[in-house]
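For reference, the structure discussed in these notes is given below.
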C-alpha cells in the first residue's frame, strides 16, 4: 500500500483557500474594534447614571434635606457647585471620570476612588471564590447532564440548576447561616475574618486587602483557616447561583454541538462517547459559553451586593447598600459608574479570550 | 456556531390537510401535547406551581387570615417574633406581622409587578427591536450599543438607580409597587429589544419578506404583516423567563431597602431583609417562609419557561422512545403542527448572539 | 429481493443487509423509514443506493455504522465483515464498546457537508490522529506520520504543513478530501459515502468522484454510495439499488439498470433526469416562431459593464460579486444564467429585482436605470416583475394561508381590496400552476416542496409580469418533482410569453428552458450564446470544463466524458 493517490487538481482547487472569511490580521482588527467599543459602553452607562440620578434633584438635598435649614442647604449646594447648569456639571463629571475621579462621598467625605481601593479587594476576593465554585460545580455537571440527556442524572441536575438560580442569593445566604453557623455552629456567621485575625493582618507592612493573601503573609495557619472559613458560605451562596446558570448553559450548548455532523463524524471513526462529549462537543461549545459567561459578570456583581449585605462582607456591594441607606447618592453614583467601567473591561477581556479560543478568528 | 435546520415539514400529496383543532393550537396546550417524559413532567409541575401562585395572588384577601399590615387581632396585639403555632401558623415577624398573611399577600405584589413590568417592557422592547432591526442604519447601531451596554450592566444596580429616580429613594409611598415595576421595566427593555431585533434581522432575510419587497409592498405592510407576527413568536418564552427574573429583582430591591413599606403592601424581599438579624438568634420562621415563597414561584415559572424553550428548540426537544417497528411508510414525510417553533436554536440560539454589535451586520442589500 | 450468493462470493462479501427495518418515533407517532431492505456489497465494489428524499437511503447508510439516533429502532441484520475476512459482526446487535471498535476499522463514513463534518476547533491532523489512536496504542509520532501520509495520498498538497491547518483554512473540495482521508486512514474494508458530492460544485464533484474511484481501485475499499444524482451513479457505481418509500424496488449492475430499467419507478426516475441537449430542438422551434420585428423590440433588461460590490466592513474592501457583466434579455426570451457558487449569478438576479444595489456600470430594467436606485421611483414597475426564490421552505410566510400569500401582489398593487376579493383570481392562478383550489386554504408547511414552488410561481405570475426572475427554483427539489416544475415553467412561459432570467448551477436544467445561456465565473461573464452554441461547441475553457464535469446518466457515455475531462485538465 504505497501507491500515492495522485489526483490531478485543477488550478482552482488549490488556490481555493484564497477566499478566507477573515483575511490575515483579522484578529488584530477584531480586538482593536472590540477595545474601542469599551469607550462608548462606559460613556453610555456613566451618562445614563448621571442623568438618571440628577433628574431627581441635587444629592445634597436628597441626603440632608429636612435636616438642614433652607439657607444652609442652599449654601452647601452652592459650595459643591450643584446650582450651576446641569450640562456644565455633566461635562465636568465626564472629565473627572476620565481622570479616574469618581467624586467624593457626602456621608463620609472620602473620595469614591479611595472607597474602591479599600473595599474593592474584598469584592474581588468574593467574586473570585464564587467563580471558582461556579466553574467547579457548573461546568462538569453541565457536561454530565448533556451526556446523560433526558435520563435521571440529567433530570436531577436540571432541577438542581433551576433551584440554584431560583433561590435569591440572600435567601440562600440566610439559610446557610441558619444551618451552618447558627444550628451546626461549624462556620462563622458573618464578616470576612474574626477580630483577632484582622488585627494580625492589620499590622502587615504591605497588606493587599485580599485576606487570603494577607493571611498567608502572616504565616499563621490559624489566621488562614479563619479567613477561609469566613469565605465558605458567601462564596457558596453567590457561587451556586452562578453555577446554576453555567450548568444550564453548558448543558444546552453541549447538547447543541453533540447533534452536529462533526460529532457524528468522530463517532463514525470510533471515538468513544465520553471523548465525544469531553473533546468534540465541549470545545466548540466553549466559545458561546465564554461569551455568555461574560454577561454573567453583571449577575455576579449584582449578586455580590446582596451577598455582601447578607454576610456583612465589607466590600463595594456592602458599602453601596450602606450609602443607599444614608441616601448618599454621590457615593452611589460613583460606585455604580465604577462598576460600569469594570463590567465594560471584563466583557472586553472575555471577548478576547473567546476570540483566542476560536481558530476561525485566530487564523 | 452550528445551526441545525429542522427537517423540512414536507407533507406528501397524500397527507390530507388535517387541521389541528383550535384547542391544540393554543400556546401552552400545543406544547403540553408535544412534550414527553421528563419534559412533560417539568412543564406540568411548572404550570401547577404557577397556577397556584396566580390563584393565591387573586384570592389573597380570602385566603390570608389577616391583612398584610395588621398588627392586632381580636385578642389584641400579635406580638413580635412569635413561634409558629396557635393563631399564627407560621409565627409573627420582628415587626409583629403575621408571617403567613404576609407571604400570601406578597404573591399579590409579585404578580402585579410581573404583569406591569413585563407588559411595559414588551411594548417598548418589541417596538424598538422591530424598527431597529428592520430599518438598520445608524439608529440601529446606536440602539444596539446602548442596549448592549445596559444589558451587560448588573440589572439590580440599574433597578436601584431607577427606583431612586422614580421614588426619589423614598420607598414608602403608595406608588412604591409601581416604582418597582417601572424600575424592572427599564432593566428588561434591552432584553426584549435584543431578542426581537435578532429575530427581525433573521426574518428580514427570509425569502417571504424579500418576496414582499419584490412585490413592492410598503415597509409598514411588510413589518406588520410579515415581520411582527413571526418575530414575536418567541415572546411567551421570554415572557416566562423574565417573569422569574422580575420576582428576583423585586425581592433584591426589597432586600436592599427599596421595596415597599409593610404598610403599603407585603413584599417578600423586604421581609427577608427584616429577618436578617433574626437568623443569628436562631429565629428561622421569619426568613424561611417568604424565602421559600420566592423560590417556589420562581422555580415554577422557570420550569414553564425552560420547558417552552426546550420544546421550541429541535435540538433540545425530548425524544420519544420508539416501540416496535411500526407505522406506515406513506407517513414518512408527514410532520404536522410545527407552527409554534421558534427560530432555529430556540432561545438558546438567541442567547448566543454575538455581543459585538459591529458583527451584527445586516444582509447586504 | 434477496440475492443468493455462491460460496466464493460469500467470502468476498464485506457487508450483508438482511431484511432491515427502521422505525422512528415522531410527534405524529411511529414512522417506518426503511422496510425490508436486503443488500450485499462485495470487496472492492461500489454499490450505489439511489432514491429521492424520504426513500430511506440515508437511514440505511447510518444503520451500517450504527449511527441511528435514539429515536430510531432497527430490526433485521447488518452483517459487517472485517477487511481480512476474519470476523464479522451484526452491527444492530453489537454492544456500544464493540460498535466503537468496528467504526473506523471495518467501516467508515464520508459525509455530505464536508464543512460540518470537521470539528472547527481542532486541526485536521489532530482529528485524523484521534481516529488512529482510538484504535490501538499508537504513539504520537507514528500517528502523525500516518496522518501526513494519508493526506498526501488523497491529494492534499504539502501535507506536512497542512496537517496543522484548521478546517476553515481548506476549500470545500479539499475539506471533502480530508474527510475521505479520515475515512481511509485505518484502511477499512467499506466506506459509506452519504451524498459525498452534493454540497460541492460540479467541477469539484468530478475531482472527488475520481478520488473515490481511486479509493476503490488502489485501496480495494468497497463503497456504499448514497446519492440522488443519477449522473454520479453512472460515473462511479458498479451496482445500483433503487430505493423508494423505504423499500428497494430494483437492484442491478449499473449498465443494466441504466440501459433497461425494469421497475416503473426507476423508469420514471431516469426519464426525469435532465441532460444536456434536451433543449436544442425546443429553442430552435421558439426562435423559428419569432417575427422579424421581435429583434427590434427594446430589451426588457440591459446590463452594461455591470459591477456589484458588497460593502466591506470598517474600510476593508468589499467583495466584488459581479465584475463588468454585459447582457440583455428581450421580451419573451428566456436567458439562462449558469455558474457555480460564488459566481455572482444570484447577485445579478437580486439586482434586477432591486434587492441589491448596483455599484457601477448600468443596469436598465424595463427602461429604468438601477444604478442610483430609488424604491419610490421603481415601485410602479414592480408589478411587471415576478420573482421565484430558491428555498421553498422559507418563501412563504408561515402564518398566512397559500391563498393569502398568492393574493398579496394583487392587494399591494390595488387590483383587489382584500384576500377574499382576490380569491377568484387566486383560484385561477392555482389552477394555472396545477394545484387544486382547495390548497389555497392550506398553510405553507402543509405543502410539499414542489407544491410550494408551484404556489411561488403562481404568486410571481399573479400580475402577469413582463419579466420573471427565477433563482434556482428547482435546486431544492427531487429530480422527479424538478422535472414537473420545469415543464410547468416552460408551459406557462409559452402561454404567457413573459421574459425570464433563469438562474441555475445546473447546465442541463438551464438547457431545457433557455433560449440563450450565459456562463458566469467568479463574477465575470465568460461565454454567452444560444444553447446550441454554448453547450454544443463551448469556446471558453471554463465552460468546457464545466460541461465536461457534468456527469451524464449513462455509464458508457460517462466513461468517455471522463476521458475528455482528463484531457481538458491536462491541457488546462
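Highest mean first, how do A:41-50, A:305-314, A:284-293, C:375-384 rank when packing is the count of other Cβ atoms within 10 Å averaged over residues?
So the order, starting with the most tightly packed, is A:305-314, A:284-293, A:41-50, C:375-384.
Go ahead and collect, in residue order, the members of segment C:397-416 whose backbone nitrogen is under 20 Å from a label point 7 Å along the Cα-Cβ direction of residue C:441.
C:398-408
Cα gyration tensor of chain A, axes a ≥ b ≥ c as square roots of the eigenvalues: rounded (a/c below 1.5), prolate (a/b > b/c) or oblate?
Oblate is the answer for chain A, as a/c is 1.5 or above yet b/c matches or exceeds a/b.
Using helices alone, I'd like the mean residue ellipticity at 222 nm for the protein assembly as shown: each DSSP H run of four-plus residues gives -39500 (n - 2.57), total over residue count, nearest 500.
On the way: 54 runs with 684 residues, N = 1300.
For the protein assembly as shown, the value works out to -16500 deg cm²/dmol.
Specify the inter-centroid distance of segment C:142-209 and segment A:318-363, based on alpha-carbon positions, in whole Å.
Segment C:142-209 and segment A:318-363 have Cα centres spaced 46 Å from each other.
On average, how many beta carbons from a partner chain sit within 10 Å of the beta carbon of a residue in C:165-172? It would help to have the intermediate numbers written out before the result.
Details: counts 3, 5, 3, 9, 5, 2, 9, 2.
Shielding by partners across C:165-172 averages 5.
What FRET efficiency, computed as 1/(1 + (r/R0)^6) with R0 = 60 Å and r the Cβ-Cβ distance, is obtained for residue B:58 and residue C:480, rounded to the nearest 0.05? The partial results should precede the final answer.
On the way: r = 59 Å, r/R0 = 0.99.
Working from the Cβ atoms, E equals 0.50.
If each residue's Cβ is checked for other Cβ atoms within 10 Å, how do A:262, C:310, A:93 rank with the fewest at the top?
C:310, A:93, A:262
What average number of partner chain Cβ atoms lie no more than 10 Å from the Cβ of the residues making up C:31-40? Walk me through the numbers before you get to the answer.
Numbers: counts 11, 8, 5, 3, 5, 0, 0, 0, 0, 0.
Taking the mean over all residues of the peptide, I get 3.
If R0 is 60 Å, what FRET efficiency do you get for residue C:568 and residue A:275 from their C-beta distance, rounded to 0.05?
0.85
Between segment B:108-148 and segment C:399-418, how far is it from one alpha carbon centroid to the other, in angstrom?
Using only Cα atoms to place each centre, the spacing works out to 31 Å.
For a test of the definition: using alpha carbon positions, the gyration tensor, and the 1.5 limit on a/c, classify segment B:102-162 as rounded, prolate or oblate.
Taking the square roots of the gyration eigenvalues as a ≥ b ≥ c, segment B:102-162 is oblate.
Please label the shape of the protein assembly as shown as rounded, prolate or oblate, based on the square roots a ≥ b ≥ c of the eigenvalues of the alpha-carbon gyration tensor (a/c under 1.5 means rounded; beyond that, a/b larger than b/c means prolate, else oblate).
Cα axes put the protein assembly as shown in the prolate bin.
Arrange the peptides B:121-129, C:210-218 so that the one whose residues have, on average, the most other Cβ atoms within 10 Å appears first. Write out the running numbers ahead of the final one.
Values: B:121-129: 20.9, C:210-218: 19.0.
Those peptides, ordered most packed to least, come out B:121-129, C:210-218.
With labels modelled as points extended 7 Å from the Cα through the Cβ direction, what inter-label distance (nm, one decimal) is found for residue A:67 paired with residue B:277?
With each label point 7 Å from Cα toward Cβ, the separation is 1.9 nm.
Which of the peptides B:188-198, C:265-275, A:194-204, C:452-462 is most tightly packed, and how do the rest follow, judged by the mean count of other Cβ atoms within 10 Å per residue?
C:452-462, B:188-198, C:265-275, A:194-204
Can you put B:285, A:183 in order of Cβ neighbours within 10 angstrom, beginning with the fewest?
Fewest-to-most Cβ neighbours within 10 Å comes out as A:183, B:285.
What is the distance, in nm, between label points placed 7 Å from the Cα along the Cα-to-Cβ direction at residue A:74 and at residue C:71?
7.6
Under the definition of partner shielding as Cβ atoms of other protein chains within 10 Å of a residue Cβ, what is the mean value for peptide B:155-162? Walk me through the intermediate numbers first.
Working: counts 3, 9, 14, 8, 1, 7, 8, 1.
The mean count of partner-chain Cβ atoms within 10 Å per residue comes to 6.
Residue A:91 versus residue A:194, label points 7 Å from Cα toward the beta carbon: distance in nm?
If labels sit at residue A:91 and residue A:194, their model points lie 5.8 nm apart.
To make sure I understand, if each residue's beta carbon is the centre and we count other beta carbons within 10 Å, what order do C:126, B:268 fall in, fewest to most?
C:126, B:268
We did not get these values from a lab; they are worked out from the coordinates using the rules stated. This one's a predicted model, so the numbers in the text were calculated from it and none came from an experiment. Counting neighbours? That spans all protein chains shown, and the Cβs are built from the backbone with ideal geometry, glycine included.
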